[in-house]
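Beneath this line is the structure, given in structure tokens, with notes to follow.
The values are calculated or read from the model by the stated rules, or taken from the named source; none is laboratory data. As the structure is a prediction and not an experimental result, all values here were calculated from the model. For neighbour counting, all protein chains shown are included, and Cβ atoms are generated from backbone atoms with ideal geometry for every residue, glycine included. Note: areas computed on protein heavy atoms with side chains; ligands, DNA, RNA excluded. Shrake-Rupley method; radii C 1.70, N 1.55, O 1.52, S 1.80 Å.
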Amino acid sequence: MKPLLIDGQWVNAPDAKANINPSDTNDVIELYALANEALAQQAIEAAANALPKWSLTGPQTRHDILRRAADEILARCEELGRLLSREEGKTLKEGIGEVTRAGNIFGFFAGEALRAGGELLPSVRDGVGVEITREPTGVIGIISPWNFPIAIPAWKIAPALCYGNTVVFKPAELVPGCGWEIADILTRAGLPAGVLNFIYGPGSVVGQAMLESPLVDGISFTGSVATGKRVAEACARHMRRCQLEMGGKNPLVVLDDADLDIAADCAVDGAFFATGQRCTASSRLIVSEGIHDRFVAACVERLNRQRVGDALKADSTIGPVVDQSQLDQDISYIDIGRSEGASLHWGGERLNRETPGFYLQPALFVDTAPAMRINREEIFGPVASVIRVRDYDEALHVANDTPFGLASGICTTSLKHARHFQRHSQAGMVMVNLPTAGVDYHVPFGGRKGSSLGQREQGTYAKEFYTEVKTAYVRG
Ligand code: NAD
């Protein structure tokens with residue numbers, strides 16, 4: 001059994017949960033100790049007790065620990081990528097890519113630890129100076145989802161530690177493995193006791209304990225809108241900051257003048273790779289009528305080349321859905337789409353493979369209307385729909401007609417339309433001739449409208465959440 005990490009000690013718990021491989025449900029990866037309310041409280045207290053010392057640790061110490069963690073993650077990217085693919089179900093290539101990203105994030109924040117600075121300004125009053133500095137936010141509760149089991153914990157934990165915060169980290173129930181490895185790597189990299197606590201357990205118990213604790217100064221959450229709202233409400237009650245990254249219903253606009261190969265590649269990658277289980281997935285393909293039929297045919301041609309299978313097999317290009325309940329949700333939305341009058345143009349069937357797993361052929365709907373539920377609600381699986389539009393103006397209107405605002409994209413050779421879309425798309429991240437999913441690790445990440453709340457994650461913008469600004473006036 002893999003234990004919890006509380007105050008620098010590896011701690012067993014009365015209960016444990018099996019980490020199951022979605023490509024083969026007979027494959028139990030490992031048992032992970034399950035925290036209860038009392039253990040969660042211990043972890044929060046440990047983080048609070050470790051804060052005064054860690055918050056004053058010099059930049060070299062923080063740099064060295066983060067750098068050692070980055071180096072180990074990068075050196076072990078194949079092994080950790082395998083673990084990731086085994087527990088979450090994305091293909092091995094995607095799993096190794098995600099681990100590499102996590103390593104690079106730790107490397108980035110190792111550098112940032114050395115760049116902490118402030119501003120020195122003369123006051124408008126003679127003989128007075130003004131110093132603007134940043135201090136850690138405090139104890140950070142980190143709550144992560146299952147779809148990026150190492151990259152999302154990395155992009156929250158690395159900046160939290162870099163800027164001098166202490167952390168209570170709760171991974172999603174389905175994927176404790178990669179989070180546990182991060183805790184282990186950081187401990188061996190020299191992180192002092194209590195600075196990072198790993199408490200695996202149900203959101204309703206462990207997550208809720210973090211939300212209700214007066215010792216927690218900030219919550220960084222990624223997950224569904226429903227849980228995000230609970231987090232925001234609890235944070236408002238406690239008058240503490242929160243950072244929420246939630247769902248998406250991301251549009252990819254394809255105009256008549258698009259390069260057809262680029263557009264179809266962007267659509268199939270953005271909609272279906274990583275089994276469509278990305279918050280930035282292109283689930284609405286908004287296509288102008290002059291290219292519509294050729295675009296759909298080009299997507300089908302690419303879909304015919306995909307092979308849904310065991311995430312660890314070399315010839316699989318799309319892995320299984322993460323678990324039974326997500327599979328049921330995907331299939332139920334495919335039924336909803338049909339009953340709403342959309343035509344299921346390709347795929348959508350449950351697949352059997354050599355091992356028992358949650359295999360689903362990607363589903364492409366055509367003849368869909370913007371008001372259909374499949375175009376308004378996040379499905380979070382390999383299901384995408386094509387919406388036919390007359391022209392760019394209608395495409396932009398449909399793209400923005402959604403409660404979400406995470407990522408968007410446009411495929412066009414028109415500079416005028418590309419620049420107009422970049423300016424007028426109501427999304428936090430806009431892609432031109434690129435898939436809506438797939439972002440860099442050194443620049444801000446986040447959305448607007450119902451997709452996100454609070455400061456941006458990643459890059460130098462991460463400091464806005466993980467630090468508090470202090471303005472000091474000094475005479476003499
Ligand atoms: P989820 O909301 O079910 O769970 C997210 C986390 O919240 C888990 O760790 C869970 O245990 C915890 N949680 C559940 N109930 C809680 C409670 N009462 N108190 C505190 N914590 C609680 O989401 P999920 O199914 O793991 O992830 C899928 C969702 O995440 C999708 O909606 C997807 O779009 C979103 N997502 C968003 C981004 C982004 O950056 N915008 C990135 C990845 C995933």
Next item on the list: Please give the direction-averaged projected area of the C-alpha convex hull for region 1-83, in square nanometres with one decimal.
Entry: 7.3
Margin query: Could you tell me the relative contact order of region 1-137? Use alpha-carbon pairs under 8 Å, at least six residues apart, and round to a whole percent.
Written below: 19
Note to self: Per-residue counts of other Cβ atoms within 10 Å, averaged by peptide: what ranking do you get for 228-235, 289-296, highest first?
What the structure shows: 228-235, 289-296
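What is the dipole size for region 159-277, taken about its Cα centre, with +1 at each Lys and Arg Cβ and -1 at each Asp and Glu Cβ, in debye to the nearest 20?
940
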Notebook entry, point to check: Using mean Cβ contacts within 10 Å as the protection proxy, how do 266-277, 56-67 order, highest first?
Noted result: 266-277, 56-67
Next item on the list: Take every DSSP beta bridge with both residues inside region 94-178 and express the antiparallel ones as a percent of the total, to the nearest 5.
Entry: 45
Checklist line | Net length gained if the chain between Arg76 and Arg373 were fully extended (0.36 nm per residue, minus Cα distance) | finding: 102.7 nm
Checklist line | Relative compactness, region 250-432, computed as alpha-carbon Rg over 2.2 N^0.38 Å | finding: 0.98
Next item on the list: On the protein heavy atoms, probe 1.4 angstrom, tell me the percent of accessible surface of the chain carried by carbon and sulfur.
Entry: 52
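About the Cα centre of the chain, what is the dipole size in debye to 20, counting +1 per Lys and Arg Cβ and -1 per Asp and Glu Cβ, all else neutral?
Values: 47 positive and 57 negative charges, 223 e Å.
Magnitude of the dipole: close to 1080 debye.
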Checklist line | Positive minus negative residues near Leu406 (Lys, Arg vs Asp, Glu; Cβ under 13 Å) | finding: +3
Notebook entry, point to check: For the charge dipole of the chain, defined by +1 on Lys and Arg C-beta atoms and -1 on Asp and Glu C-beta atoms about the Cα centroid, which residue among Ser316, Leu260, Gly127 has the Cα displaced farthest towards the positive pole?
Noted result: Gly127
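Write down the percent of antiparallel bridges among all DSSP beta bridges whose residues are both part of the chain, to the nearest 5.
Bridges in the chain that DSSP calls antiparallel: roughly 45 percent.
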Notebook entry, point to check: Among Thr355, Ala271, Phe421, which residue has its Cα positioned farthest towards the positive end of the charge dipole of region 250-432, with +1 placed on the Cβ of Lys and Arg, -1 on the Cβ of Asp and Glu, and the dipole taken about the Cα centre?
Noted result: Phe421
Note to self: Just want to confirm a number: the relative contact order over region 320-397, from Cα pairs under 8 angstrom separated by 6+ residues, in percent.
What the structure shows: 30
Next item on the list: Would you mind computing, in nm to one decimal, how far apart the modelled labels at Ala297 and Arg125 are, each placed 7 Å from Cα along Cα→Cβ?
Entry: 7.6
Next item on the list: Would you kindly state how much longer the chain becomes between Asp184 and Ser332 on full extension, computed as 0.36 nm times their sequence separation minus their alpha carbon distance, in nm to one decimal?
Entry: 49.4 nm
Item checked: Those lysines that a straight Cα-Cα span of less than 20 Å connects to Lys470, excepting residues fewer than 8 apart in one chain -> Lys53
Notebook entry, point to check: Taking a probe of 1.4 Å, how large is the accessible area per residue of the chain, in Å²?
Noted result: 39
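Nearest 20 debye, what's the magnitude of the dipole of region 250-432 about its Cα centre given +1 on Lys and Arg Cβ and -1 on Asp and Glu Cβ?
Around 240 debye, computed over region 250-432.
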Item checked: Cys with no candidate disulfide partner in the chain (beta-carbon separation under 4.7 Å rule) -> Cys77, Cys162, Cys178, Cys266, Cys279, Cys299, Cys411
Check: Is the shape of the chain rounded, prolate or oblate, going by the alpha carbon gyration tensor and its root eigenvalues a ≥ b ≥ c, with a/c under 1.5 for rounded and a/b larger than b/c for prolate?
Finding: oblate
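So for each of 421-431, 99-109, 382-392 I average, over its residues, the number of other beta carbons within 10 Å; can you give me the resulting order with the highest mean first? Please report the intermediate quantities before stating the final value.
Working: 421-431: 19.2, 99-109: 24.8, 382-392: 21.8.
Per-residue Cβ counts within 10 Å, averaged per peptide and sorted highest first, yield 99-109, 382-392, 421-431.
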Next item on the list: Could you calculate the contour length gain from Arg475 to Asp7, that is, 0.36 nm times the residue separation minus the distance between their Cα atoms, to one decimal place in nm?
Entry: 164.3 nm
Item checked: Of Leu303, Val216, Ala151, farthest towards positive along the dipole that unit charges on Lys, Arg, Asp, Glu beta carbons give the chain -> Val216
